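The values are calculated or read from the model by the stated rules, or taken from the named source; none is laboratory data. These figures come from a predicted structure and were not determined experimentally. Using ideal geometry, Cβ is built from the backbone for each residue, glycine included, and neighbour counts are taken over all protein chains shown.
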Amino acid sequence: MLKSIEIFIDGASRGNPGPSGIGIVFFDQGGKAVKKLFKFIGNATNNVAEYTALIYALQEALIDRYADVVIKSDSELLTRQLRGEYRVKNENLKPFHEQFLHLSRGFDKITVVSVGRGDNSIADKLANKAIDSRLDSSLKTE
């Protein structure tokens, strides 16, 4: 397994619920972006988009065989739920949270970090690019 990776994630929704997309950026230990992904996910809420970005990010990290993952998100709800500081009350989010717990078992270590919106601009741009390209819902690499 490869050592560690820092992954910035973002979900965007225009309308909440409305057309939604996800953006994911993998950074190596030198701070270089090594993978950028985006995907249109159809109509969803912003929180569902955030969780969808998380799940795709973890799946990609498993595929790429990373052992230690640092997830960075500007969603306070997501980061606090993942760290156990908030309960997951919304029934639509519970399956995503359960999937996070399941996928987490594939890593040696997962750290969840809350970042400011300004620090998450690349993932945010990718999520919005996904909405703009809404006719195609396949996972894309930039």
Among ALA67, ALA130, the single one that is over 19 Å from ASP28 (Cβ atoms) and of a type in the set (Gly, Ala, Ser) is ALA130
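So that you can scan it fast, the table gives a plain yes or no per residue for (1) of a type in the set (Phe, Trp, Tyr); (2) under 13 Å from the mean Cα position of the chain (by Cα); (3) part of a helix (DSSP H, G or I):
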residue	(1), (2), (3)
ASP10	no, yes, no
GLY15	no, no, no
ILE24	no, yes, no
ALA53	no, yes, yes
Restricting attention to the stretch 48-85, which residues are over 14 Å from ASN120 (Cβ atoms), buried (at least 20 other Cβ atoms within 10 Å of the Cβ) and among the aliphatic types (A, V, I, L, M)? VAL48, LEU58, ALA61, VAL69, LEU82
Within the stretch 69-99, restricting to residues that are part of a helix (DSSP H, G or I) and in contact with a Phe, Trp or Tyr (Cβ under 6 Å, 6 or more places away or on another chain), the one that is nearest to PRO17 (Cα to Cα) is PHE96
In the stretch 24-47, what residues are closer than 14 Å to LEU78 by Cβ and either touching a Gly at 6+ places or on another chain (Cβ under 7 Å) or crowded, with 23+ Cβ neighbours inside 10 Å (or both)? ILE24, ALA44, ASN46
Candidates ARG105, ARG117, filtered to the one that is surrounded by fewer than 16 Cβ atoms within 10 Å (Cβ to Cβ), of a type in the set (D, E, K, R) and farther than 18 Å from PHE8 by Cβ: ARG105
Are any of the residues in the stretch 59-68 modelled with pLDDT of 95 or more, hydroxyl-bearing (Ser, Thr, Tyr), in a strand (DSSP E or B) and farther than 25 Å from SER137 by Cβ? yes
Given the conditions (1) closer than 16 Å to VAL113 by Cα; (2) in contact with a Leu (Cβ under 7 Å, 6 or more places away or on another chain), which single one is not true for PHE27? (2)
Could you list all residues from the stretch 106-142 that are closer than 15 Å to ALA57 by Cα and in contact with a helix residue (DSSP H, G or I) (Cβ under 8 Å, 6 or more places away or on another chain)? GLY106, PHE107, ILE110, VAL112, VAL113, ALA123, ASP124, ALA127, LEU139, LYS140, GLU142
